[in-house]
Amino acid sequence: MNILDQINSSDPIVILTGAGISKESGLATFRDPDGIWARHKIEDVATPQAFAQNPDAVLGFYNVRRAQMNDSDLHPNAAHHALGALEGFWPGGVLVVTQNIDDLHARGGSKNLIHMHGELAKTRCNDCGQLIDGLGDLTSDMTCPNCQATGTLRPHVVWFGEMPLQMDTILSALADCGLFMSIGTSGNVYPAAGFVQEARAHGAMTVELNLEESLGANSFHEGRYGPATEIVTGFVEELKVLATE
Ligand code: APR
(Lines give C-alpha, C1' and ligand atoms only; values in the text may rest on other atoms or scores of the structure.)
Protein backbone atom coordinates (compact mmCIF):
# COMPACT_ATOMS: atom_id res chain seq x y z
CA MET A 1 0.00 0.00 0.00
CA ASN A 2 1.21 3.51 -0.73
CA ILE A 3 -0.33 5.54 2.04
CA LEU A 4 -0.08 8.70 -0.03
CA ASP A 5 -2.98 7.37 -2.10
CA GLN A 6 -5.06 7.40 1.10
CA ILE A 7 -4.54 11.03 2.18
CA ASN A 8 -5.19 14.45 0.69
CA SER A 9 -3.46 17.76 1.09
CA SER A 10 -6.14 19.17 3.40
CA ASP A 11 -5.25 16.54 6.01
CA PRO A 12 -3.24 17.86 8.98
CA ILE A 13 0.10 16.08 9.49
CA VAL A 14 1.62 15.26 12.89
CA ILE A 15 5.30 14.26 12.92
CA LEU A 16 7.02 12.62 15.90
CA THR A 17 10.80 12.76 15.87
CA GLY A 18 13.53 11.20 17.99
CA ALA A 19 17.30 11.28 18.27
CA GLY A 20 17.76 9.52 14.92
CA ILE A 21 16.83 12.66 12.97
CA SER A 22 19.76 14.51 14.58
CA LYS A 23 22.28 11.67 14.17
CA GLU A 24 23.52 12.82 10.75
CA SER A 25 24.07 16.29 12.19
CA GLY A 26 26.56 14.66 14.57
CA LEU A 27 24.53 14.25 17.79
CA ALA A 28 24.51 10.80 19.41
CA THR A 29 21.31 8.81 19.78
CA PHE A 30 20.48 7.04 23.05
CA ARG A 31 20.18 3.34 22.27
CA ASP A 32 22.49 2.80 19.31
CA PRO A 33 25.64 0.86 20.26
CA ASP A 34 27.55 4.18 20.45
CA GLY A 35 24.60 5.90 22.11
CA ILE A 36 24.37 8.02 25.23
CA TRP A 37 22.92 5.22 27.40
CA ALA A 38 25.90 3.05 26.48
CA ARG A 39 28.11 5.59 28.29
CA HIS A 40 25.90 6.88 31.11
CA LYS A 41 23.35 5.28 33.42
CA ILE A 42 19.90 6.86 33.24
CA GLU A 43 19.54 6.65 37.01
CA ASP A 44 22.76 8.63 37.46
CA VAL A 45 21.97 11.58 35.18
CA ALA A 46 18.33 11.70 34.04
CA THR A 47 16.00 11.36 37.04
CA PRO A 48 14.79 13.78 39.75
CA GLN A 49 16.38 11.48 42.34
CA ALA A 50 19.80 11.78 40.63
CA PHE A 51 19.47 15.58 40.65
CA ALA A 52 18.63 15.55 44.37
CA GLN A 53 21.48 13.19 45.28
CA ASN A 54 24.23 14.40 42.97
CA PRO A 55 23.23 17.65 41.25
CA ASP A 56 26.66 18.44 39.85
CA ALA A 57 26.88 15.05 38.08
CA VAL A 58 23.48 15.70 36.47
CA LEU A 59 24.26 19.34 35.61
CA GLY A 60 27.66 18.29 34.22
CA PHE A 61 26.03 15.69 31.94
CA TYR A 62 23.75 18.32 30.44
CA ASN A 63 26.52 20.97 30.31
CA VAL A 64 28.43 18.64 27.95
CA ARG A 65 25.37 18.05 25.78
CA ARG A 66 24.55 21.79 25.71
CA ALA A 67 28.12 22.54 24.59
CA GLN A 68 27.73 19.96 21.77
CA MET A 69 24.44 21.59 20.74
CA ASN A 70 26.05 25.05 20.72
CA ASP A 71 29.12 23.90 18.76
CA SER A 72 29.53 26.11 15.69
CA ASP A 73 30.02 22.96 13.59
CA LEU A 74 26.61 21.55 14.51
CA HIS A 75 23.94 22.25 11.89
CA PRO A 76 20.44 21.06 11.03
CA ASN A 77 20.61 18.36 8.33
CA ALA A 78 18.52 17.85 5.18
CA ALA A 79 15.83 16.01 7.13
CA HIS A 80 15.29 18.98 9.50
CA HIS A 81 15.16 21.35 6.54
CA ALA A 82 12.73 19.07 4.67
CA LEU A 83 10.29 19.20 7.61
CA GLY A 84 10.67 22.98 7.77
CA ALA A 85 9.85 23.20 4.05
CA LEU A 86 6.90 20.79 4.44
CA GLU A 87 5.36 23.12 7.01
CA GLY A 88 5.65 25.89 4.43
CA PHE A 89 3.85 24.13 1.59
CA TRP A 90 1.42 21.63 3.15
CA PRO A 91 -2.15 23.05 3.01
CA GLY A 92 -3.47 20.92 5.89
CA GLY A 93 -0.88 22.17 8.38
CA VAL A 94 2.08 20.39 10.06
CA LEU A 95 2.92 19.90 13.75
CA VAL A 96 6.34 18.54 14.73
CA VAL A 97 6.39 16.85 18.15
CA THR A 98 9.99 16.14 19.02
CA GLN A 99 11.45 14.06 21.85
CA ASN A 100 14.75 15.79 21.14
CA ILE A 101 16.06 18.56 23.39
CA ASP A 102 18.36 20.04 20.74
CA ASP A 103 17.38 23.14 18.73
CA LEU A 104 17.86 21.67 15.24
CA HIS A 105 14.17 21.59 14.22
CA ALA A 106 13.74 25.33 14.86
CA ARG A 107 17.02 26.00 13.08
CA GLY A 108 15.78 23.80 10.20
CA GLY A 109 12.69 26.00 9.74
CA SER A 110 9.99 24.24 11.78
CA LYS A 111 7.80 26.77 13.61
CA ASN A 112 4.80 24.69 14.69
CA LEU A 113 6.93 22.65 17.10
CA ILE A 114 6.48 21.01 20.50
CA HIS A 115 9.47 19.84 22.55
CA MET A 116 7.68 17.20 24.63
CA HIS A 117 10.88 16.31 26.54
CA GLY A 118 11.92 19.93 27.04
CA GLU A 119 14.76 22.02 25.61
CA LEU A 120 18.44 22.05 26.51
CA ALA A 121 18.67 25.77 25.64
CA LYS A 122 16.32 26.59 28.53
CA THR A 123 16.91 26.45 32.30
CA ARG A 124 14.16 26.03 34.92
CA CYS A 125 14.11 26.72 38.65
CA ASN A 126 12.96 23.58 40.47
CA ASP A 127 11.42 25.78 43.20
CA CYS A 128 9.54 28.61 41.47
CA GLY A 129 9.31 27.11 37.97
CA GLN A 130 10.80 30.23 36.32
CA LEU A 131 12.14 29.53 32.81
CA ILE A 132 15.41 31.23 31.88
CA ASP A 133 16.71 31.30 28.31
CA GLY A 134 20.31 31.01 27.26
CA LEU A 135 22.15 30.39 30.55
CA GLY A 136 25.45 28.61 29.91
CA ASP A 137 26.87 25.88 32.12
CA LEU A 138 24.84 25.18 35.26
CA THR A 139 26.36 24.43 38.67
CA SER A 140 24.66 23.56 41.94
CA ASP A 141 25.81 26.75 43.68
CA MET A 142 23.91 29.05 41.31
CA THR A 143 21.01 31.20 42.54
CA CYS A 144 17.64 31.51 40.81
CA PRO A 145 17.36 35.10 39.47
CA ASN A 146 13.61 35.01 40.21
CA CYS A 147 13.20 33.47 43.68
CA GLN A 148 16.84 33.67 44.87
CA ALA A 149 16.85 29.95 45.83
CA THR A 150 20.24 28.28 45.52
CA GLY A 151 20.90 24.92 43.92
CA THR A 152 17.49 24.75 42.25
CA LEU A 153 18.45 25.61 38.65
CA ARG A 154 18.14 22.61 36.29
CA PRO A 155 17.92 22.07 32.55
CA HIS A 156 14.34 22.51 31.27
CA VAL A 157 14.41 18.81 30.32
CA VAL A 158 11.84 16.12 31.22
CA TRP A 159 13.52 13.38 33.24
CA PHE A 160 12.40 9.78 33.58
CA GLY A 161 9.45 9.70 35.98
CA GLU A 162 8.32 13.21 35.00
CA MET A 163 5.38 14.11 32.75
CA PRO A 164 6.17 15.10 29.14
CA LEU A 165 5.09 18.61 28.16
CA GLN A 166 1.94 19.75 26.30
CA MET A 167 0.37 16.29 26.21
CA ASP A 168 -3.19 17.67 25.87
CA THR A 169 -2.23 19.60 22.75
CA ILE A 170 -0.40 16.59 21.33
CA LEU A 171 -3.28 14.15 21.92
CA SER A 172 -5.72 16.59 20.36
CA ALA A 173 -3.50 16.94 17.28
CA LEU A 174 -3.18 13.15 17.00
CA ALA A 175 -6.97 12.83 17.09
CA ASP A 176 -7.36 15.33 14.24
CA CYS A 177 -4.51 14.39 11.90
CA GLY A 178 -4.84 12.53 8.63
CA LEU A 179 -1.17 11.50 8.47
CA PHE A 180 1.14 10.54 11.34
CA MET A 181 4.87 10.27 10.58
CA SER A 182 7.39 8.84 13.05
CA ILE A 183 11.04 9.66 12.34
CA GLY A 184 14.26 8.50 14.04
CA THR A 185 12.82 6.99 17.21
CA SER A 186 13.21 3.47 18.58
CA GLY A 187 9.75 3.22 20.14
CA ASN A 188 11.23 2.47 23.56
CA VAL A 189 9.76 5.35 25.56
CA TYR A 190 6.10 6.11 26.29
CA PRO A 191 3.91 8.07 25.84
CA ALA A 192 5.65 8.93 22.52
CA ALA A 193 5.84 5.26 21.50
CA GLY A 194 2.04 5.03 21.78
CA PHE A 195 1.27 8.00 19.49
CA VAL A 196 0.99 5.79 16.41
CA GLN A 197 -1.82 3.79 18.02
CA GLU A 198 -3.54 7.01 19.10
CA ALA A 199 -3.39 8.44 15.57
CA ARG A 200 -4.44 5.18 13.93
CA ALA A 201 -7.39 4.80 16.30
CA HIS A 202 -8.65 8.15 15.03
CA GLY A 203 -8.35 7.15 11.38
CA ALA A 204 -4.94 8.57 10.43
CA MET A 205 -2.60 6.92 7.97
CA THR A 206 0.72 6.16 9.67
CA VAL A 207 4.28 5.80 8.36
CA GLU A 208 7.60 5.07 10.06
CA LEU A 209 10.75 6.62 8.59
CA ASN A 210 13.73 5.16 10.44
CA LEU A 211 17.16 3.61 9.96
CA GLU A 212 15.71 0.25 10.99
CA GLU A 213 12.41 -1.16 12.22
CA SER A 214 11.48 0.29 15.61
CA LEU A 215 9.78 -1.69 18.38
CA GLY A 216 6.47 -0.33 17.09
CA ALA A 217 7.08 -1.03 13.39
CA ASN A 218 4.09 -3.37 13.08
CA SER A 219 1.73 -0.59 14.21
CA PHE A 220 2.38 1.49 11.11
CA HIS A 221 0.59 1.20 7.74
CA GLU A 222 3.94 1.68 5.97
CA GLY A 223 7.66 1.77 6.86
CA ARG A 224 10.53 3.28 4.92
CA TYR A 225 14.03 2.50 6.13
CA GLY A 226 17.34 4.27 5.66
CA PRO A 227 19.15 7.42 6.83
CA ALA A 228 16.77 10.28 7.61
CA THR A 229 18.54 12.66 5.24
CA GLU A 230 17.53 10.31 2.40
CA ILE A 231 14.16 8.81 3.33
CA VAL A 232 12.65 11.92 4.95
CA THR A 233 13.67 14.18 2.08
CA GLY A 234 12.30 11.62 -0.41
CA PHE A 235 8.98 11.30 1.41
CA VAL A 236 8.60 15.07 1.70
CA GLU A 237 9.21 15.36 -2.06
CA GLU A 238 6.31 12.94 -2.63
CA LEU A 239 4.13 15.02 -0.30
CA LYS A 240 5.06 18.11 -2.32
CA VAL A 241 3.76 16.46 -5.51
CA LEU A 242 0.53 15.59 -3.67
CA ALA A 243 0.20 19.14 -2.35
CA THR A 244 0.51 20.64 -5.82
CA GLU A 245 -1.87 18.24 -7.60
N1 APR B 1 18.31 8.20 10.33
C2 APR B 1 17.13 7.74 10.82
N3 APR B 1 17.03 7.02 11.97
C4 APR B 1 18.17 6.79 12.65
C5 APR B 1 19.44 7.25 12.20
C6 APR B 1 19.47 7.98 10.99
N7 APR B 1 20.62 8.44 10.47
N8 APR B 1 20.39 6.83 13.10
C9 APR B 1 19.73 6.16 14.06
N10 APR B 1 18.41 6.13 13.79
C11 APR B 1 17.34 5.50 14.57
C12 APR B 1 17.77 4.27 15.35
O13 APR B 1 17.66 3.12 14.53
C14 APR B 1 16.75 4.26 16.50
O15 APR B 1 15.59 3.54 16.11
O16 APR B 1 16.93 6.43 15.55
C17 APR B 1 16.40 5.73 16.68
C18 APR B 1 17.00 6.34 17.94
O19 APR B 1 16.43 5.67 19.04
P20 APR B 1 16.87 6.11 20.51
O21 APR B 1 18.34 6.20 20.59
O22 APR B 1 16.13 5.22 21.46
O23 APR B 1 16.33 7.60 20.66
P24 APR B 1 14.84 8.06 20.91
O25 APR B 1 13.86 7.10 20.29
O26 APR B 1 14.74 9.48 20.48
O27 APR B 1 14.70 7.99 22.52
C28 APR B 1 13.47 8.43 23.06
O29 APR B 1 14.38 8.13 25.27
O30 APR B 1 16.21 8.32 26.61
C31 APR B 1 15.01 8.90 26.31
O32 APR B 1 14.41 11.14 26.60
C33 APR B 1 15.19 10.30 25.80
O34 APR B 1 13.95 11.44 24.08
C35 APR B 1 14.66 10.24 24.38
C36 APR B 1 13.74 9.04 24.41
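Each peptide among 112-120, 168-176 gets the average number of other Cβ atoms lying within 10 Å of its residues, and from highest to lowest they stand as 112-120, 168-176.
Is there a quick way to get the dipole size of the stretch 20-179? I mean about its Cα centre, with the Cβ of Lys and Arg at +1 and of Asp and Glu at -1; what is the value in debye to the nearest 20?
Numbers: 11 positive and 19 negative charges, 17 e Å.
Magnitude of the dipole: close to 80 debye.
By the rule of a second cysteine Cβ within less than 4.7 angstrom, the chain holds isolated cysteines at 177.
Seen from all sides and averaged, what is the projected area of the convex hull of the Cα atoms in the chain, in nm²?
Details: hull surface 51.2 nm².
Mean projected area for the chain: 12.8 nm², to one decimal.
I'd like the orientation of helix 167-176 relative to the chain: the angle between its Cα long axis and the longest Cα principal axis, in ° from 0 to 90, rounded to 10. With both axes taken from Cα atoms, the answer is about 0 degrees.
The angle between the Cα long axis of helix 78-89 and the main principal axis of the chain comes to about 60°, on a 0 to 90 degree scale.
Using +1 on the beta carbon of Lys and Arg, -1 on that of Asp and Glu, and nothing else charged, what's the dipole of the stretch 101-211 about the Cα centre, debye to 20?
Working: 6 positive and 12 negative charges, 32 e Å.
The calculation lands at about 160 debye.
In terms of packing, defined here as the mean over residues of other Cβ atoms within 10 angstrom, the peptides 155-167, 133-145 line up highest first as 155-167, 133-145. Each of 61, 81, 35 was placed along the dipole of the chain (beta-carbon charges, centred on the mean Cα), and the one lying farthest toward the positive end is 61.
For the chain, the relative contact order is 24 percent, taking Cα pairs closer than 8 Å that sit 6 or more residues apart in sequence and dividing their mean separation by the residue count. Look at the dipole of the stretch 91-214 built from charges on Cβ: of 105, 163, 126, the Cα furthest out on the positive end belongs to 105.
Need one word for the stretch 99-245: rounded, prolate or oblate. Basis is the Cα gyration tensor (sqrt eigenvalues a ≥ b ≥ c); a/c below 1.5 gives rounded, then a/b vs b/c decides. In terms of gyration-tensor shape, prolate.
In the full protein context, the chain carries 45 Å² of accessible surface per residue, based on a 1.4 Å probe and ignoring ligands, DNA and RNA. Ranked by the mean number of other Cβ atoms within 10 Å per residue, highest first, peptides 86-99, 214-227 order as 86-99, 214-227. Counted by Cβ distance under 13 Å from residue 119, the other residues give a net charge of +3, where Lys and Arg count +1 and Asp and Glu count -1.
Amide H contacts of residue 126: 153, 154, each under 5 Å away and 5 or more positions distant or on a separate chain (H built 1.01 Å from N in the peptide plane; Pro and chain starts excluded). To the nearest ten degrees, helix 55-69 and the longest principal axis of the Cα atoms of the chain are 40 degrees apart.
The alpha-carbon of residue 41 sits under 27 angstrom from the alpha-carbons of these lysines, leaving out residues fewer than 8 places away in its chain: 23, 122.
Taking the charge dipole of the chain about its Cα centre, with +1 at Lys and Arg Cβ atoms and -1 at Asp and Glu Cβ atoms, the residue from 146, 18, 70 reaching farthest to the positive side is 146.
The values are calculated or read from the model by the stated rules, or taken from the named source; none is laboratory data. Just so it is clear, the model here is predicted, and its values are computed rather than measured. Virtual Cβ from ideal backbone geometry, glycine too; neighbours counted across all protein chains shown. Accessible surface is based on the protein model in full, side chains and every heavy atom, while ligands, DNA and RNA are left aside. Shrake-Rupley method; radii C 1.70, N 1.55, O 1.52, S 1.80 Å.
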